[in-house]
Structures are given as structure tokens and as C-alpha cells.
Amino acid sequence: MRTISLLEFRKNSKKIIEWARRGERMMMTYRRKPLFRIEPVMDSIPDEEDPFYHLGHLAQDKGTRLDNKQMDKIIYNL
């Protein structure tokens, strides 16, 4: 997933919107911290690479629970 700063979005919004139209998903950051995602709205089946469908590998039989920030780091490589 491509990471884009808000500053980059302001400078290159037309190009970034075109990436989304072609199906690319992007993480928008503010001061190097994830803020939100930009992704296309599709009527088709979700992409196999969608992190949501790989949450099962985070399940553990033993150990402590992960909080949302820890899961985001694992899923989105933050």
C-alpha cells in the first residue's frame, strides 16, 4: 500500500485520484502518522491482498491481546 502525506495530496491530488480510479489503495499520513485510507469503491469481490482478510494470522492461542495500534502496525506495516 502506497503512503501519501497530506502535503503530497494537496500538490498532486489529480494524480492520486487517478491512482485510486485504477484500483490502488493508499494510506494518507499527517506528520508521518497514519490518518486515513484512500481506496476505490468497487462492486466486485475484494482484493485478496486486502489486510482485513488476513487478520487470522494475528490470532494467538496464548499471550496478550493486541490493541488497535499494534494491529495497525502489523497490518499496514507502519
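The values are calculated or read from the model by the stated rules, or taken from the named source; none is laboratory data. No experiment lies behind these values; they were computed from the predicted model shown. All Cβ positions, glycine included, derive from the backbone under ideal geometry; neighbour counts span all protein chains shown.
Brief remarks follow.
- Residue count for segment 1-36 under the criterion of being among the charged types (D, E, K, R) and in contact with a strand residue (DSSP E or B) (Cβ under 7 Å, 6 or more places away or on another chain): the result is 3.
- Scanning segment 64-78 for residues that are part of a loop (DSSP other than H, G, I, E, B) and modelled with pLDDT under 80 turns up THR64, ARG65, LEU66, ASN77, LEU78.
- Only one of ASP43, ASP61, ASP47 that is surrounded by 10 or more Cβ atoms within 10 Å (Cβ to Cβ), at pLDDT below 80 and assigned to a loop (DSSP other than H, G, I, E, B): ASP47
- When residues of segment 5-37 are limited to those that are closer than 21 Å to GLN70 by Cα and among the aliphatic types (A, V, I, L, M), the one surrounded by the fewest Cβ atoms within 10 Å (Cβ to Cβ): LEU35
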